[in-house]
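The structure under discussion appears below in the form of structure tokens.
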Amino acid sequence: MTYAIEVSNLRKKFNQFQLNDISFSLPTGTIMGFVGENGAGKTTTIKCILSLLKKDAGTIKIFGSNIKDDNLTIKEQIGVVFDDIHFPETLTAQQINKFLQETYVNWDTSYYFDLLKQLKVTINKPIKELSRGMKMKLSIIIALAHHPKLLILDEPTSGLDPIVRDEILDLFLEFMQDEKHSILFSSHITSDLEKIADYITFIHEGEILFSENKDVLLYELGIWKGSKEQSLELPTNAKIRSRESAYGVEILVKRNEVSSAFQLDQPTIEEIMLFFVKGVRV
């Protein structure tokens, strides 16, 4: 298996906050959802991957190479989208094209304008007059127009309405039609990730709590609900984490360890995250 991103034992300290031995790998040809609450370390990790922040320790490889060893060549193959567009607000999409066609070796002007037309982004309005949704569409089009192999996205759908989010997700899925393409998608909107992600990596207070195949999380885990007394009937090795509710207790379990006699609910990514943060080990 080849990997678009490999992060191993990454550490970075900011005052009272610290990334503590962050490790995960993004297989080539897949989408990884990078989830966690605000301040958990998602953006810090991404900035370390992109060498926008200097790491304190650990190794980071992109396409099998250390990004600092061949910085420009590797960065040409990466499209990046942060939660806001980072261009002067007086520029138009037309003017941005003139600037970036001199910046990227593989900048594709025709593809850029095709995407602007497809997503109905006006080319002559300055950025400051665009809605948030239009700004994010423009950011994503810019990231795609030099034909990257890897997209790194930091909250690209945050604050957008469901219709715009759906358009953007479709664009990402279109990008993934090429099996050499990969996406690291940071978001707190877990429903978006349930639609398109192959893997989910959960960071909490600077630590990775799990990094797993999405289908394993959604279909091989279940939520059992009942009283504390009834919970004693569950096999011990099936239990992962539990938390108390107003109606008794909820337990995250491994489905294949539990008899079909027990009724289990299918969890969402958000519910699994809550078990790991607010639940207790069983």
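The values are calculated or read from the model by the stated rules, or taken from the named source; none is laboratory data. Everything quoted here is computed from the prediction, not taken from an experiment. Positions of Cβ are backbone-derived with ideal geometry, glycine not excepted, and every protein chain shown enters the neighbour counts.
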Among ILE62, ILE67, the single one that is under 23 Å from the mean Cα position of the chain (by Cα) and touching a residue at least 60 places away in the same chain (Cβ under 8 Å) is ILE62
Residues that are at pLDDT 90 or above and not acidic (Asp, Glu): find the helices (runs of 4 or more DSSP H) completely inside segment 66-161 holding 1 or more of those. 93-100, 109-118, 132-144
Residues satisfying the stated conditions in segment 119-137, i.e. surrounded by 14 or more Cβ atoms within 10 Å (Cβ to Cβ) and under 26 Å from the mean Cα position of the chain (by Cα): LEU119, VAL121, ILE127, LEU130, ARG132, GLY133, MET134, LYS135, MET136, LYS137
Give just the number: which of (1) crowded, with 17+ Cβ neighbours inside 10 Å; (2) among the polar types (S, T, N, Q); (3) more than 16 Å from the chain's Cα centre (by Cα) does GLN177 not satisfy? (1)
Can you find a residue in segment 158-167 that is within 17 Å of the chain's Cα centre (by Cα) and small (Gly, Ala, Ser)? yes
Tell me, please, whether a residue that is assigned to a loop (DSSP other than H, G, I, E, B) and not aliphatic (A, V, I, L, M) can be found in segment 233-241. yes
Any residue at all in segment 193-201 that's acidic (Asp, Glu), under 30 Å from SER260 (Cβ atoms) and either under 15 Å from the mean Cα position of the chain (by Cα) or at pLDDT 95 or above (or both)? yes
Taking the residues in segment 8-60 that are in a helix (DSSP H, G or I) and of a type in the set (A, V, I, L, M, F, W, C) as candidates, determine which candidate is nearest to LEU217 (Cα to Cα). ILE46
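Residue-by-condition table, conditions (1) touching a helix residue (DSSP H, G or I) at 6+ places or on another chain (Cβ under 9 Å); (2) among the hydroxyl-bearing types (Ser, Thr, Tyr); (3) under 26 Å from ILE272 (Cβ atoms); (4) surrounded by fewer than 14 Cβ atoms within 10 Å (Cβ to Cβ):
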residue	(1), (2), (3), (4)
ILE5	yes, no, yes, no
GLY33	yes, no, yes, no
GLY36	yes, no, yes, no
GLY39	no, no, yes, yes
LYS42	no, no, yes, no
LYS47	no, no, no, no
LEU50	yes, no, no, no
PHE63	yes, no, no, no
